[in-house]
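Trainee: Have a look at this one.
The values are calculated or read from the model by the stated rules, or taken from the named source; none is laboratory data. Since the structure is predicted, the reported quantities are computational estimates derived from the model, not experimental observations. With ideal geometry, Cβ positions are generated from the backbone for all residues, glycine too; neighbour counts draw on all protein chains shown. Side chains are part of the model used for accessible areas, which takes the heavy atoms of the whole protein and leaves out ligands, DNA and RNA. Shrake-Rupley method; radii C 1.70, N 1.55, O 1.52, S 1.80 Å.
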Amino acid sequence: MQTEIETEVNPENLKSSGYLITSKEVRDARYDVCRACPNLRPVVKTCTQCGCFMPAKTWLIKAHCPDYWW
């Protein structure tokens, strides 16, 4: 039996799974930095330095950029 996989990352998905999330303003500022970074693989939205899926990671309060941009 297959389970449905959510493709959209949003704060409610993360919050309901127990993660502490940041404000939309902070998340958007972080992700803007990622979009301008040469380490972001834009098609799959992952970072070549840490391997994380950045639309999700940028919501997490305790997360940080491996190159310390945020």
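Trainee: Which of the residues belonging to the range 20-35 are β-branched (Val, Ile, Thr) and open to solvent by less than 50 Å² (accessible area, probe 1.4 Å)?
Mentor: Within the range 20-35, 21, 22 meet the criteria.
Trainee: Let me ask something else about it. Of all residues in the range 36-70 being open to solvent by less than 30 Å² (accessible area, probe 1.4 Å) and β-branched (Val, Ile, Thr), which is farthest from residue 20 (Cα to Cα)?
Mentor: Filtering the range 36-70 for residues that are open to solvent by less than 30 Å² (accessible area, probe 1.4 Å) and β-branched (Val, Ile, Thr), the one farthest from residue 20 (Cα to Cα) comes out as 46.
Trainee: List, please: which pairs have Cβ atoms under 8 Å, are six or more places apart or on different chains, and start with a residue in the range 33-50 that is part of a loop (DSSP other than H, G, I, E, B) and end with one that is open to solvent by 100 Å² or more (accessible area, probe 1.4 Å)?
Mentor: 37/69; 39/49; 42/35; 48/41
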